[in-house]
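Here's the structure, in structure tokens; my notes come after.
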Amino acid sequence: MELVSRQDPHVHEVVRFAARCRALTLLLQASLLALFNLLIPDHAADAFSPPRLPEPGPWDQLVEQLLGGLSRWDAEHFLFIAERGYLYEHNCAFLPLYPLSLHTTARAALWPLQHLLSLRSRLLLSALLLNSLFSILAAAALFQLGRSVLRCRRVAFLAALLFSISPANVFMAAAYSESMFAFLVFTAMWQLEKGQGWLSGLLFSLASGARANGIINAGFFLHSGSKRFALQLQVGSGSLRKLPLVWKQLLSVASSALLVCAGIFLPFALFQYYAYVRFCGPSLAEAVPEPLVQLALDKGYQLASTTGAHPPWCSQRFPVVYSYIQDTYWNVGFLRYFELRQIPNFLLAFPVTFLGSWAAWTFVIANPRHCLTLGLERRKSEEEGGKPRAGFCCPAVFVYVVHATVLLVFGFFCMHVQVLTRFLGSSSPVLYWFCAHLLQEYEPLLWSEGTDGQTMMSCAKKPLTGRSPDSCREGTSGNPVVRLLLSCRSITPLSKCILGFFLSYWLLGLVLHCNFLPWT
């Protein structure tokens with residue numbers, strides 16, 4: 001996989017900008033953590049916070065002072081699992097690929113530091129290294145994916161740069177699985193666009209071992225197989241003698257798609273089986289440190305039982321621990337978050353909800369027939385051999401808009417709504433593509449860059465007064481995001497809103513999350 005092409009200055013700029021943003025994020029979290037620890041103590045959150053065993057040494061305390069902001073909220077679960085495994089039942093809400101990667105890195109790559117640092121400190125350093133690497137590679141993968149889907153290098157370039165200042169940036173840096181998941185998903189999507197179905201399936205399968213919503217990505221293969229079969233029918237329709245061949249093609253497409261989809265579901269299913277064996281089967285006696293046993297008693301956490309008493313989900317017809325934990329521990333379910341006291345959290349989720357809804361509406365209005373036919377009808381441009389429309393509203397974006405809309409609707413009605421920002425920001429390219437599209441279409445400062453032979457119709461299918469006459473020209477490899485930020489006083493109100501949303505959530509996320517205050 002040539003994520004970083006040696007001959008493409010755009011990729012080099014994406015990688016450089018992503019690396020600088022990651023370094024700035026780490027510097028800001030250390031500075032803000034130290035500043036706020038002097039001004040106010042950490043918020044006493046009712047979150048998972050296991051005792052440190054053994055007692056930290058002086059070097060461990062230094063690591064905690066510099067990087068402690070990366071270990072808040074759910075990061076505690078990932079670090080604890082990487083250190084001690086799935087000791088408590090509710091740890092099973094966090095899938096194993098990311099903590100396993102942390103554990104492997106801490107034990108292998110950081111092994112020389114074992115005499116200076118405890119395992120937990122090495123795990124925190126591993127999170128810093130892995131998430132920095134994954135977030136940079138995810139930005140490069142998003143650029144390559146955008147080039148393949150949008151057929152517009154400029155919008156793809158701008159979207160990849162926006163990913164580096166994502167409103168979910170704090171979760172890309174903290175010990176969360178978002179960076180790993182974004183890298184795996186964007187790379188898998190890119191490989192699928194290139195026709196590398198089996199490699200794409202492997203990457204999607206790994207993604208479903210990192211986050212549960214990875215299983216939804218099976219829809220890309222189902223749509224790809226359906227589209228391939230529908231196009232074959234439209235090309236070779238009208239002959240009864242071809243009926244046996246049609247059935248053969250149908251079986252071939254269906255079997256390959258279902259096989260890959262099964263592979264995508266497999267990691268999640270295997271982990272549910274592991275949890276069942278651990279918490280529902282006969283448990284062997286294991287030495288659990290007394291402070292961790294006491295924590296379970298104080299907080300009501302479920303340990304693997306050695307007395308034969310098992311949690312209630314073990315007796316369900318389909319014993320899925322993940323859904324049980326979401327329901328019992330965090331009260332996740334349809335409309336359960338629709339309470340007056342949750343209005344602030346709905347306000348936090350408003351920007352990404354609005355942008356996601358606007359993106360879906362814009363695409364549907366620009367491609368009504370394509371949406372009604374589920375993207376399965378052969379386009380006239382393909383039949384006539386002409387160039388398809390480029391940019392956000394090109395028909396190839398259809399399946400990505402559907403994917404993002406499904407995530408948005410599910411997250412809004414069935415999840416803690418404030419997590420929508422990182423949920424969409426790490427799972428779908430649509431947020432970045434659409435914001436790049438808006439900036440490119442409505443920001444005059446970006447219209448004068450470069451020339452290219454490519455042409456692009458706007459989503460309105462014909463240029464509107466004042467819009468860029470050629471929004472898809474390649475342009476130079478200079479950084480348009482930096483250019484907009486340096487000219488912030490002269491850019492349009494829409495550009496200010498988009499960049500303001502990205503940057504304010506980046507900064508507020510660092511301030512609040514790193515000090516154990518509620519955030520997205």
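The values are calculated or read from the model by the stated rules, or taken from the named source; none is laboratory data. Computed from a prediction, not measured in an experiment: that's the story for all the values here. Note that each Cβ is placed from the backbone with ideal geometry, even for glycine, and that neighbours are counted across all protein chains shown. Surface areas here come from the heavy atoms of the whole protein model, side chains and all, with no ligands, DNA or RNA. Shrake-Rupley method; radii C 1.70, N 1.55, O 1.52, S 1.80 Å.
Yes/no per residue for (1) without any contact (Cβ under 8 Å) to a residue 60 or more places away in the chain; (2) surrounded by fewer than 14 Cβ atoms within 10 Å (Cβ to Cβ):
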| site | (1), (2) |
| --- | --- |
| 271 | no, no |
| 277 | yes, yes |
| 287 | yes, yes |
| 295 | no, no |
| 309 | yes, yes |
| 312 | yes, yes |
| 320 | yes, no |
| 325 | no, no |
| 330 | no, yes |
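Look through 17, 80 and report the one residue that is part of a helix (DSSP H, G or I), modelled with pLDDT of 95 or more and either of a type in the set (Val, Ile, Thr) or under 15 Å from residue 123 (Cβ atoms) (or both).
On the way: 17 fails: either of a type in the set (Val, Ile, Thr) or under 15 Å from residue 123 (Cβ atoms) (or both).
Exactly one residue qualifies, and that residue is 80.
Pick from segment 133-158 the residues that are open to solvent by 20 Å² or more (accessible area, probe 1.4 Å) and either outside any helix (DSSP H, G or I) or not basic (Lys, Arg) (or both): which of them is farthest from residue 23 (Cα to Cα)? Break it down stepwise before answering.
First, the residues of segment 133-158 that are open to solvent by 20 Å² or more (accessible area, probe 1.4 Å): 133-134, 136-137, 147-148, 151, 153.
Then drop every residue that is not either outside any helix (DSSP H, G or I) or not basic (Lys, Arg) (or both), which leaves 133-134, 136-137, 148, 151.
Values: 133: 11, 134: 13, 136: 11, 137: 15, 148: 29, 151: 31 Å.
Across segment 133-158, the extreme among qualifying residues is 151.
Any residue at all in segment 182-201 that is in contact with a Pro (Cβ under 8 Å, 6 or more places away or on another chain) and either closer than 22 Å to residue 353 by Cα or not assigned by the TED database to the domain that holds residue 55 (or both)? Spell out how you get there, then give the answer.
Initially, segment 182-201 is screened for residues in contact with a Pro (Cβ under 8 Å, 6 or more places away or on another chain), giving 186, 189.
Going one step further and asking which of them are either closer than 22 Å to residue 353 by Cα or not assigned by the TED database to the domain that holds residue 55 (or both), we end up with 186.
Yes.
Can you pull out every residue in segment 82-97 that is open to solvent by less than 20 Å² (accessible area, probe 1.4 Å) and without any contact (Cβ under 8 Å) to a residue 40 or more places away in the chain?
91
What tally of residues in segment 98-118 results from selecting those that are touching a residue at least 40 places away in the same chain (Cβ under 8 Å) and open to solvent by less than 40 Å² (accessible area, probe 1.4 Å)? Talk me through it step by step, then tell me what you get.
In the first step, residues of segment 98-118 are kept if they are touching a residue at least 40 places away in the same chain (Cβ under 8 Å); the result is 98, 101-102, 116-118.
From what's left, open to solvent by less than 40 Å² (accessible area, probe 1.4 Å): 98, 101-102, 117-118.
Adding up the residues that qualify gives 5.
Which residues, taken from segment 294-333, are part of a loop (DSSP other than H, G, I, E, B) and either of a type in the set (Phe, Trp, Tyr) or closer than 20 Å to residue 51 by Cβ (or both)?
Restricting attention to segment 294-333, the residues satisfying the condition of being part of a loop (DSSP other than H, G, I, E, B) are 300-302, 304-311, 316-320, 329-333.
300, 301, 302, 304, 318, 329, 330 - these are the residues of segment 294-333 that are part of a loop (DSSP other than H, G, I, E, B) and either of a type in the set (Phe, Trp, Tyr) or closer than 20 Å to residue 51 by Cβ (or both).
Take residue 161 and decide whether it is in a helix (DSSP H, G or I), at pLDDT 95 or above and open to solvent by 10 Å² or more (accessible area, probe 1.4 Å). Please lay out each step first, then the result.
Values: in a helix (DSSP H, G or I): yes; at pLDDT 95 or above: yes; open to solvent by 10 Å² or more (accessible area, probe 1.4 Å): no.
Answer is no for this residue.
Does residue 260 count as surrounded by 15 or more Cβ atoms within 10 Å (Cβ to Cβ) and under 24 Å from the mean Cα position of the chain (by Cα)? If you could, list the steps in order and put the result at the bottom.
Working: surrounded by 15 or more Cβ atoms within 10 Å (Cβ to Cβ): yes; under 24 Å from the mean Cα position of the chain (by Cα): yes.
The answer is yes for residue 260.
Name the pairs whose Cβ atoms lie under 9 Å apart, with the first residue in segment 16-35 and free of Cβ contacts under 8 Å to residues at least 40 places away in the same chain, the second buried (at least 16 other Cβ atoms within 10 Å of the Cβ) and aliphatic (A, V, I, L, M), and 6 or more positions between them or separate chains?
Correct list of pairs: 30/66; 30/67; 34/66.
Scanning segment 273-301 for residues that are modelled with pLDDT under 90 and of a type in the set (Gly, Ala, Ser), which turns out nearest to residue 46 (Cα to Cα)?
Within segment 273-301, the match that is nearest to residue 46 (Cα to Cα) is 300.
Restricting attention to segment 354-375, report how many residues are under 24 Å from the mean Cα position of the chain (by Cα) and among the polar types (S, T, N, Q).
Of the residues in that region, 2 qualify.
Filter segment 437-451 for residues that are open to solvent by 10 Å² or more (accessible area, probe 1.4 Å) and outside any helix (DSSP H, G or I); which is modelled with the highest pLDDT?
Here is the first cut: in segment 437-451, the residues open to solvent by 10 Å² or more (accessible area, probe 1.4 Å) are 437, 442, 444-445, 447-451.
Subsequent filtering for residues that are outside any helix (DSSP H, G or I) retains 447-451.
Numbers: 447: 82, 448: 65, 449: 55, 450: 44, 451: 38.
The qualifying residue modelled with the highest pLDDT is 447.
Looking at (1) surrounded by 22 or more Cβ atoms within 10 Å (Cβ to Cβ); (2) in contact with a Pro (Cβ under 6 Å, 6 or more places away or on another chain), can you tell me which one residue 79 breaks?
In the conditions (1) surrounded by 22 or more Cβ atoms within 10 Å (Cβ to Cβ); (2) in contact with a Pro (Cβ under 6 Å, 6 or more places away or on another chain), residue 79 misses (2) alone.
Enumerate the pairs (first residue in segment 338-355 and touching a residue at least 12 places away in the same chain (Cβ under 8 Å) and open to solvent by less than 90 Å² (accessible area, probe 1.4 Å); second residue anywhere and β-branched (Val, Ile, Thr) and assigned to a helix (DSSP H, G or I)) with beta-carbon separation below 6 Å, excluding pairs fewer than 6 apart on the same chain, so at least 6 apart or on different chains.
Taking only residues 6 or more apart or on different chains, the pairs are 345/417; 346/417; 349/417; 352/421.
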